[in-house]
Amino acid sequence: MRPVLTLAFCGVFAASAVLVLTVRRYARKWGVMDHPGGRKIHPNAVALGGGIAIFLASAIPLFLVGAACRALVAWPDLLSIPPALHRYVQGAASQFSLLCYILAGGLAIAVLGLWDDLKGLNPPLKLLGQFIIAGGIAAVPGVRITIFVGIAWVHI
């Protein structure tokens, strides 16, 4: 199982690198840049939109694997699955709708970040948006947000 996870990690890492470089190239071409000045500490203009590239590089493989597992459970004759993987495929398929909610929330956060990059939201408004998105995802049955506070785990 470890080689599969290593391969998956390498694939997502490579996709992230390619997407970030592509977004950077188009951001420069279209002038979607963050220029130095004010509270900015970078000495040169920096391309915006890298968060969207990283989100897509992570979300697309997760979605595709979840959808494939769902299809394999719905149509077992579609592809022969080794018996040792049946349990994992069924588990992933059963959590696919929950994954879609979480990915939708991640997309909303990424779009909010891009909007902030392009339009410059004030911090309290951006934080409010993030709370609303996270709260909307947490309202979906089965989603738990766990944070570590002090010496105790808090489940929301």
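The values are calculated or read from the model by the stated rules, or taken from the named source; none is laboratory data. None of the values given here were measured: they were computed from a predicted structure. Neighbour counts run over all protein chains shown; Cβ positions are idealised from the backbone, glycine included. Please note that ligands, DNA and RNA were not included when accessible areas were found on the heavy atoms of the full protein model with its side chains. Shrake-Rupley method; radii C 1.70, N 1.55, O 1.52, S 1.80 Å.
Within this structure, Phe13 fails the test of being open to solvent by 70 Å² or more (accessible area, probe 1.4 Å), within 27 Å of Tyr101 (Cβ to Cβ) and touching a Cys at 6+ places or on another chain (Cβ under 8 Å). Restricting Ala92, Ala27 to residues that are open to solvent by less than 90 Å² (accessible area, probe 1.4 Å) and closer than 21 Å to Trp115 by Cβ narrows the list to Ala27.
In the condition set (1) free of Cβ contacts under 8 Å to residues at least 12 places away in the same chain; (2) of a type in the set (A, V, I, L, M); (3) open to solvent by 40 Å² or more (accessible area, probe 1.4 Å), Val111 is compliant with all but (1). Listed by first and then second residue, the pairs with beta-carbon distance under 7 Å, at least 6 apart or on different chains, first residue in segment 72-90 and at pLDDT 90 or above, second among the basic types (Lys, Arg) and not in a helix (DSSP H, G or I), form an empty list.
Among the residues making up segment 114-131, those that are open to solvent by 40 Å² or more (accessible area, probe 1.4 Å) and not charged (D, E, K, R) are Leu114, Trp115, Leu118, Gly120, Asn122, Pro123, Pro124, Leu125, Leu127, Leu128, Gln130, Phe131.
Residues are listed down the side, and each one gets a yes or a no for (1) crowded, with 18+ Cβ neighbours inside 10 Å; (2) within 30 Å of Leu98 (Cβ to Cβ):
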{"position": "Leu7", "(1), (2)": "no, yes"}
{"position": "Met33", "(1), (2)": "no, no"}
{"position": "Ala47", "(1), (2)": "yes, no"}
{"position": "Ile60", "(1), (2)": "no, yes"}
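Please tell me if Arg70 is closer than 15 Å to Asp117 by Cα and charged (D, E, K, R). In short, no.
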